[in-house]
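Structure first, then comments.
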Amino acid sequence: MSKNVIREILLKTKSRDEMIDITAQLETILRQENVQEGFCIVYSPHTTAGVTINENADPDVQMDILRRLDEAYPYVEAKDRHIEGNSASHLKASTVGVSQTVIIHNGNLLLGRWQGIYFCEFDGPRTRSCFVKIICD
């Protein structure tokens, strides 16, 4: 029997730039839906936020990623033409990307030992959401 599930994860971000580990929330959805095999797609519908997979063992990695993105795309509103002044946020989101697809195997996300799935805020604080689609047969 094939099964397709779409769920929404609501997030309240606390700062302009942050990475929120949503791996546990995704695993909870897998357990609730009793999914053993398939694919999990995580998607951000925002133009100033993204989704990435990266190390979840050392929080300094997230801080380094945010710092380096800020170095590459600094907030220099006086030079940007976008009237909202958040062009750096749009550039960061485009660089990181808005979705990730992960294999589900034996009821688990098939991630590496040190990997987690992160919602990346680049224009907070805000109330955000990301969508999760589970595809399985």
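The values are calculated or read from the model by the stated rules, or taken from the named source; none is laboratory data. In this text the structure is predicted, and so the values were computed from the model without any measurement. Quick reminder, even Gly has a Cβ in these numbers, built from the backbone with ideal geometry, and neighbours come from all protein chains shown.
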Extreme residue, surrounded by the fewest Cβ atoms within 10 Å (Cβ to Cβ), among residues of region 13-62 that are among the acidic types (Asp, Glu) and closer than 19 Å to residue 106 by Cβ: 37
Every pair of residues 6+ apart whose Cβ atoms lie under 7 Å, when the first sits in region 36-60 and is more than 12 Å from residue 93 (Cβ to Cβ) while the second is of a type in the set (Lys, Arg): 41/133
Residue ID - farthest from residue 46 (Cα to Cα), chosen from residues in region 91-137 that are of a type in the set (S, T, N, Q) and assigned to a strand (DSSP E or B): 108
Residues located in region 110-137, provided they are in contact with a Cys (Cβ under 9 Å, 6 or more places away or on another chain), surrounded by fewer than 18 Cβ atoms within 10 Å (Cβ to Cβ) and closer than 20 Å to residue 11 by Cβ: 133
Unmet criterion (only one of (1) farther than 25 Å from residue 37 by Cα; (2) surrounded by 19 or more Cβ atoms within 10 Å (Cβ to Cβ); (3) touching a Lys or Arg at 6+ places or on another chain (Cβ under 8 Å)) for residue 73: (2)
Qualifying residue in region 81-90 (condition: at pLDDT 95 or above, of a type in the set (S, T, N, Q) and either more than 15 Å from the chain's Cα centre (by Cα) or exposed (fewer than 14 other Cβ atoms within 10 Å of the Cβ) (or both)): no
Enumeration of residues in region 67-86 that are touching a Phe, Trp or Tyr at 6+ places or on another chain (Cβ under 9 Å) and of a type outside the set (Gly, Ala, Ser): 69, 73, 86
Hits in region 12-49 - residues which are in a strand (DSSP E or B) and either of a type in the set (Phe, Trp, Tyr) or more than 11 Å from the chain's Cα centre (by Cα) (or both): 12, 38, 39, 40, 43
